[in-house]
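Heads up, the thing below is written out as structure tokens.
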Amino acid sequence: HLRASDYFTLNTITSCEKTIHSMSCENCKTGFAWNGKSTGKESTLGKNKAYITGDNKDAAILIIPDIFGWTLPNVRILADHYAKEACATVYVVD
């Protein structure tokens, strides 16, 4: 038996898949690299591999990466930026 929330989730996934297939931006399909070097470290969050940056025990940001994954330098550079600007610990999970 599907609940209303299940229906929404299934529709959202279907819509996202259609959007991915119809993207017109080449960088959306292939990606690009930002200049810079990440400053955090690889560790774990629970049982998942994670990139962790920042050291605020009272504020945290969780980033769920796109199709290019948690090891792409861009997402790590962005996490470093968020950690600095928001004074938070940022986790990018696998």
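Values quoted throughout were computed directly from the atomic coordinates according to the rules given, and no laboratory measurement underlies them. Please read these numbers as outputs of a predicted model, since none were measured by experiment. As a convention, Cβ positions derive from the backbone with ideal geometry for all residues, glycine included, and neighbour counts pool all protein chains shown.
Odds and ends about this structure:
- Inter-label distance, nm, simple model (7 Å from Cα along the C-beta direction), Val93/Asp55: 2.5
- Under 5 Å, built H, 5+ apart or other chain: amide partners of Ile63: Tyr91, Val92, Val93
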